[in-house]
Every structure is written in C-alpha cells, then in structure tokens.
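Below you'll find the structure, written out as structure tokens, and then a few comments.
Since every read-out is calculated from the coordinates, none of them should be taken as a lab result. Because the structure is a prediction, the values reported are computed rather than measured. Positions of Cβ are generated from backbone atoms using ideal geometry, with glycine treated the same way; all protein chains shown enter the neighbour counts.
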Amino acid sequence: MDYEKEYSPSEWSIRYDTEIVVDNFFKTIETQTKSCGFNGAERKSFPLGGSEPNNILDAYPSIDKTAIGYIFVPGGYWQASNHRSYSFVGEQIMKFANVNFGIVSYEVSPKQSIKSQIEVTKKAIEKFCLEFPECRAIVLAGHSAGAHLIAMTLQNLDLKIPIRQIFLISGIYDLVPLTKMSVMNNPDLTMSASEVMDISPINKITKIGKSISNQASISRSKQDILNCENSSMCIVNLLVGEYESNEFKRQSKIFRERLLEVNEKLDVQYQEITGVDHFDEIENLYFSDYRVTQQIIRACGGRMSRFK
C-alpha cells in the first residue's frame with residue numbers, strides 16, 4: 001500500500017492540484033470567517049492551562065443560556081493554522097439553531113504531543129460545560145485530526161450535560177498507518193508502537209462505546225427535548241467526502257462496525273458526502289444549504305424551510 005498517498009488528502013481532490021488545494025483551503029476559510037457575522041466583542045476566550053498559549057477554548061454565547069452547545073474541533077496534528085479561521089463553521093448553526101458555540105484551539109506537533117492534544121480537547125469540552133451549565137445538550141463536531149481527538153476524549157469525559165450528537169468528519173481512528181509516512185521521519189514526531197496504539201480510538205472502542213451508551217441515561221435525567229429523531233440516544237455520525245482515499249473511508253466504516261460490536265443498539269451512521277473532498281467538506285459549512293450544515297442545524301434543534 002502507498003501509505004503516503006492514502007493518508008495525504010490533498011492527493012485526492014479533483015478541484016485543484018495537490019500543491020494548491022491545501023493553500024486554497026486556508027485562504028478560503030480565512031475569507032469566509034472574515035465575511036461572517038462574528039465580532040470579537042462577542043467572543044469569550046478561556047486558556048486551557050499548560051505552557052502553550054495556543055491551547056484555548058473560544059466561546060460565542062447565545063442570549064439563551066439553555067441553548068444547545070455546539071463545539072467544533074479543527075484538524076491539523078502538525079500543520080499550524082489560526083483556529084479562529086474556522087469560526088465560520090458556527091455562523092449558520094447560530095443563525096438557524098441559536099446555539100452556544102465553542103471552537104477548540106490546540107498547539108500542534110511536535111511542539112505539543114498528540115497525547116497532549118487529546119487532553120487539551122477533553123479540557124476544552126469540560127470547560128465549555130462548566131461555563132454553560134444550563135445548556136440542554138451538547139453537539140460535538142471535529143474534522144480530520146479533530147475527529148480523532150473527539151473520539152479519544154469520549155472514553156473518559158465527565159459531563160453533567162448530555163451529548164446529543166457527534167459528527168466525526170474524515171477522522172483517523174487507527175494511527176498506525178501514519179507512522180509509515182515521511183512526515184514521521186522527523187525525530188520530534190517519533191512514537192513507539194505502544195504509544196501509537198494508546199492514542200488510537202480503535203483500541204479504546206469498549207470504553208468509547210460504553211461512554212456513548214451512557215449519554216442516553218444522562219439525557220433522560222436532564223429531560224432534554226429536541227426537535228430531532230431518537231432524542232434519548234446519542235447519535236454518532238461518521239462522515240467522509242466522496243473524493244477521499246479508500247483508507248479514510250475504510251477507517252470510518254471499521255470504526256462504526258467496532259462500535260456496534262460493543263453495543264448493537266448504538267445509533268452510529270456512516271455517510272459519504274457526495275461531490276466533496278477532504279477540504280471543501282469543511283469549507284461548505286459556510287453555506288446553509290449544504291447537507292452537513294443542515295444535519296448539524298437539525299441536531300442542534302434548529303429548523304430551516306428546506307433540508308436536502
């Protein structure tokens with residue numbers, strides 16, 4: 001197998017050449033965030049501790065303290081970007097579902113280990129729940145590395161607020177193949193086999209499955225009522241773009257299968273998003289008529305005139 005190609009999303013886009021697609025992605029999300037309605041005066045920032053200043057939770061509160069909490073975790077294990085460039089992913093959700101919106105920032109590797117990134121993500125979700133204790137429920141979404149980080153936090157999150165839905169978009173759940181890529185030749189990124197196994201969600205599947213199952217009882221105790229299906233069960237959505245590699249698709253399918261082996265009653269859905277690659281599957285969250293935007297709006301209790 002050509003691991004370099006299979007785990008390099010830029011190799012699979014049909015919109016741009018490999019050398020252009022990543023640069024275009026960062027330019028696009030920066031432009032989209034600048035044009036959306038966010039304003040610095042509305043933002044609350046919470047440092048998450050440690051020596052890295054980039055470990056931050058940004059929150060955009062709703063005027064309704066009981067509104068759903070929507071938390072997004074961007075991708076990029078070792079590729080630095082300004083997390084606030086991703087703020088646009090909350091624009092349509094806040095408009096149509098009136099959520100409390102949070103976005104997680106973490107220092108990238110090798111400056112911060114992936115294990116530490118997992119811990120920062122966990123702290124961010126727990127901090128959000130402490131700052132917004134009246135939220136009726138939480139919806140989590142993560143892209144690429146962000147999907148992996150959310151999956152890992154699920155094994156030991158301690159929340160009093162129920163998680164209503166989880167959107168894991170083009171995540172990696174078995175990190176062993178990444179060790180075969182050239183980027184890992186950097187000695188600062190080197191991990192032992194046991195370290196890689198320990199940060200792979202596929203190896204924590206029993207704990208993750210039980211944690212997801214437990215959300216149903218938390219939901220009932222909170223009497224959470226939402227305008228969506230199966231309101232007493234935490235729904236897990238595993239999404240990948242049509243123009244992703246076979247390995248990205250395989251990993252999501254296997255993760256779903258393994259979760260259902262833990263508990264066949266779990267609501268775990270695999271979706272292939274037509275017409276998008278690893279990058280515009282996130283860029284398109286800027287648009288209200290995009291399929292994934294609409295699914296997140298509905299998960300957060302919102303309503304629109306038309307859903308695809």
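The label-point distance for TYR16 and GLU4, in a model that sets each label 7 Å from Cα toward Cβ, rounds to 2.2 nm. Counting neighbouring beta carbons within 10 Å and listing from fewest to most, the residues SER252, SER245 come out as SER245, SER252. In a DSSP loop and with at most 15 other Cβ atoms within 10 Å, the GluC sites (Glu not before Pro) in the stretch 50-159 are GLU134.
Shape class of the stretch 228-282 from the alpha-carbon gyration tensor: oblate, with a/c at 1.5 or above and b/c at least as large as a/b.
Spin-label model, ARG303 to ILE63: label points 7 Å out along the Cα-to-beta-carbon direction sit 2.0 nm apart.
Among beta bridges identified by DSSP and lying wholly in the chain, the antiparallel ones come to about 25 percent.
Gain in length, LYS207 to ASP158, computed as 0.36 nm per residue apart minus the alpha-carbon separation, to one decimal in nm? So the chain would gain 16.4 nm between LYS207 and ASP158. Here the calculated FRET efficiency for ASN185 and ILE254, from their Cβ-Cβ distance with R0 = 25 Å, stands at 0.40, rounded to the nearest 0.05. Look at the Cα gyration tensor of the stretch 3-299: its axes a ≥ b ≥ c give a/c under 1.5, and that counts as rounded. For LYS34, a cut-off of 25 angstrom between C-alpha atoms picks up these lysines, skipping any fewer than 8 places away in its own chain: LYS44, LYS95. Share of antiparallel DSSP beta bridges in the stretch 26-139, in percent to the nearest 5? Antiparallel bridges: around 60 percent, rounded to the nearest 5. Computed over the chain with a Gaussian network model linking Cα atoms closer than 10 Å, the most mobile of GLN269, GLN294, GLN165 is GLN269. Each label was represented as a point 7 Å from its Cα along the Cα-to-Cβ direction; for ASP23 and VAL262 these points are 4.2 nm apart.
Each Cα pair under 8 Å and six or more residues apart adds its sequence gap; the mean of these over the residue count of the chain is a relative contact order of 20 percent. A full extension of the chain between GLU242 and SER194 corresponds to an added length of 14.0 nm, given 0.36 nm per residue minus the alpha carbon distance.
Cross-link partners of LYS5 among lysines, defined as those whose alpha carbon lies under 26 angstrom from its own and excluding same-chain residues fewer than eight positions apart: LYS27, LYS111, LYS115, LYS180, LYS249, LYS253.
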